[in-house]
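The values are calculated or read from the model by the stated rules, or taken from the named source; none is laboratory data. Note that this is a predicted model, so its numbers are computed, not measured. With ideal geometry, Cβ positions are generated from the backbone for all residues, glycine too; neighbour counts draw on all protein chains shown. Surface accessibility is based on the protein's heavy atoms, side chains included, excluding ligands, DNA and RNA. Shrake-Rupley method; radii C 1.70, N 1.55, O 1.52, S 1.80 Å.
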Amino acid sequence: MMPLRSDTSNIRVIITGATGMVGEGVLHVSLAHPDVERVLVINRKPCGVSHPKLVEILHQDFFDLSPIEPQLTGYNACFFCLGVSSAGMKEAKYSRLTYDLTLHAASVLARLNPDMVFSYVSGSGTDSSERGRSMWARVKGKTENRLLLLPFKKAYMFRPGYIHPIKGMKNTHGYYAVLSLFYPFLKRFLPKYAVSLNELGMAMIHTVNKGYDASILECEDIHRLAKP
């Protein structure tokens with residue numbers, strides 16, 4: 001798959017999940033990129049970042065965005081990095097926090113910003129058939145499928161495997177200190193199973209200013225799209 005030039009600069013992006021590892025890294029990459037002119041983060045707690053490009057909204061209920069809707073217009077991208085682990089969670093609760101929440105927020109953004117490019121962080125192994133044995137994979141697959149039906153300018157489903165963190169970020173779990181030791185091996189011999197968080201952020205930006213001819217992006221697509 002090859003990138004498709006769309007030549008869209010002046011990116012105005014909404015980022016969710018900026019208090020988690022992935023969202024924090026994507027925020028860091030976005031603030032540093034010259035094509036990104038404005039970043040809005042929506043968090044339940046402060047992200048602790050200050051930058052001339054950055055605006056932060058603190059909002060507790062992602063199932064009711066009506067109080068902040070006037071502040072969500074005028075954006076041409078969303079990097080949706082908000083998510084929860086399925087570990088120890090029943091399917092009904094995981095589905096509500098993954099499928100219901102994501103589709104509600106995305107539907108609002110699609111209505112307010114019809115020219116928006118929407119990028120969703122899913123995961124390697126997601127089940128597009130929605131019929132597999134893995135609960136999280138079915139729920140993620142259902143979420144992806146419905147997002148692709150919303151009236152965005154374009155929607156992309158990112159399916160990273162292992163994500164190598166950005167050094168110095170504060171929301172990186174301690175166990176990544178051990179996992180990171182294996183990244184050089186994965187990068188060299190098994191690149192289809194791992195990406196760096198910097199690559200993920202760059203690829204998301206390039207969905208807006210370059211475009212891509214596939215809607216579902218596995219690790220190899222992310223590597224390709226992240227290149228300058």
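Quick notes on this one:
- Candidate set: the stretch 134-160, residues that are polar (S, T, N, Q) and not in a loop (DSSP other than H, G, I, E, B); chosen: the one least open to solvent (accessible area, probe 1.4 Å): Thr143
- Among the residues listed as Phe118, Phe62, the single one being open to solvent by less than 10 Å² (accessible area, probe 1.4 Å), in a loop (DSSP other than H, G, I, E, B), touching a residue at least 12 places away in the same chain (Cβ under 8 Å) and touching a helix residue (DSSP H, G or I) at 6+ places or on another chain (Cβ under 7 Å): Phe62
- Residue in the stretch 167-182 that is open to solvent by 40 Å² or more (accessible area, probe 1.4 Å), more than 24 Å from Pro114 (Cα to Cα) and at pLDDT 95 or above present: no
- None of Ala92, Ala87 is modelled with pLDDT of 95 or more, hydrophobic (A, V, I, L, M, F, W, C) and either part of a helix (DSSP H, G or I) or open to solvent by 60 Å² or more (accessible area, probe 1.4 Å) (or both) except Ala92.
- Selection count where residues are under 29 Å from Pro228 (Cα atoms) and open to solvent by 30 Å² or more (accessible area, probe 1.4 Å), scope the stretch 33-47: 4
- Candidate set: the stretch 189-202, residues that are open to solvent by 10 Å² or more (accessible area, probe 1.4 Å) and either of a type in the set (Lys, Arg) or assigned to a strand (DSSP E or B) (or both); chosen: the one farthest from Ser129 (Cα to Cα): Ser196
- Single residue of Ile163, Ile205, Ile222 found to be in a strand (DSSP E or B) and out of contact with any Cys (no Cβ under 7 Å at 6 or more places or on another chain): Ile163
- Index of the failed condition, Arg224 passing every other in (1) over 30 Å from Met89 (Cα atoms); (2) open to solvent by 70 Å² or more (accessible area, probe 1.4 Å); (3) without any contact (Cβ under 8 Å) to a residue 40 or more places away in the chain: (3)
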